[in-house]
1. In Å, what Kirkwood hydrodynamic radius results for the chain from the alpha-carbon pair distances?
2. Pull up the DSSP beta bridges for the chain and report the antiparallel fraction as a percent, rounded to 5.
3. Based on the Cβ-Cβ distance of LYS110 and PHE3, what FRET efficiency does E = 1/(1 + (r/R0)^6) give at R0 = 25 Å, to the nearest 0.05?
4. The chain: longest stretch without exposed trypsin sites (Lys or Arg not before Pro) (DSSP loop, at most 15 other Cβ within 10 Å), sites themselves excluded?
5. If every alpha-carbon in region 1-113 counts as one equal scatterer, what log10 I(q)/I(0) does Debye give at q = 0.10, 0.14, 0.20 1/Å?
6. Filter the GluC sites (Glu not before Pro) in region 165-222 down to the DSSP loop ones having no more than 10 other Cβ atoms within 10 Å, then list what survives.
7. May I ask you to evaluate 6.51 cos²θ - 1.76 cosθ + 1.60, the Karplus curve with θ = phi - 60°, for each residue of region 202-211 and list the ³J(HN,Hα) values in order in whole Hz, giving x for glycine and proline?
8. Could you list VAL182, VAL190, VAL84 in order of exposure, starting from the residue whose Cβ has the fewest other Cβ atoms within 10 Å?
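Each reported figure results from applying straightforward, stated rules to the coordinates on display, with no laboratory input. For clarity, every value in this text was computed on a predicted model and none was experimentally measured. All Cβ positions, glycine included, derive from the backbone under ideal geometry; neighbour counts span all protein chains shown.
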Amino acid sequence: MNFELPILAPSILAADFTKLGEEIQDALNGGTSWIHCDIMDGHFVPNISYGPSIVKAAKKAAPEAFLDVHLMIEEPDKYVENFVEAGADLISVHYETCPHLHRSIQNIKKYGIMAGVVINPSTPVSIIEPILQDVDLVLIMSVNPGFGGQSFIESSYERLSELAAIRDSRELSFLIQVDGGVNLKNISKVAKAGADVLVAGSSVFSAENISARVQELTEKFQ
Ligand code: DX5
Ligand code: ZN
């Protein structure tokens, strides 16, 4: 799939679920095509969010959107099919939850969708080197996963650049994504550090005018 980079991926974790369809459309009208869905199980992360039914509702509200599903759950392999059926275009799993990561990635790809791997802020970038040729996207967490509205961890800039350098040297083409604490103040610097896809939850959905905020954030890419 070809995308115009960088991409803003609004996370609906921070949306008002009583008007989810409307808020997704507002975000898309601001000029992005990705919607990020955060799935939390209360085990891998200390919070519970939502499951496939909300992903399905998002797909129904915006069939044209690219649904980016971030699984922060134990034993993700068990649930991949449910999220594919719900409409996921990309599913990302945490390195920390997958003892057989290569198998988990192949299991996602067999459905004909994109597959991503995610690393927590304390996981070294080098640890995922053996899987890089097999993934479509690498997500570098810039907060400890589990909650929206946290502050961007400064060491993430260096981690993004480190991954971008590895990608260049190996001539690979996976997308680099960043997630957590991205806002109007730091988005330009985060993109420059090497991120192709920037997740933004509270900075998008806490805005009075969601479309205008998406526009403001993406203008910072220039
Ligand atoms: C954190 C989630 C993020 C979260 C980002 O565990 O993976 O996607 O929604 O929210 P903000 O942008 O508010 O940090
Ligand atoms: Zn996320």
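1. With all distinct Cα pairs of the chain included, I get 17.1 Å.
2. 5 percent
3. Efficiency computed from Cβ-Cβ geometry: 0.65.
4. It works out to 1-109.
5. -0.28, -0.56, -1.09
6. In loop regions of region 165-222 (DSSP not H, G, I, E or B), the sparsely surrounded GluC sites (Glu not before Pro) are GLU171, GLU208.
7. 5, 5, 8, 7, 8, 6, 4, 10, 5, 4
8. Fewest-to-most Cβ neighbours within 10 Å comes out as VAL84, VAL190, VAL182.
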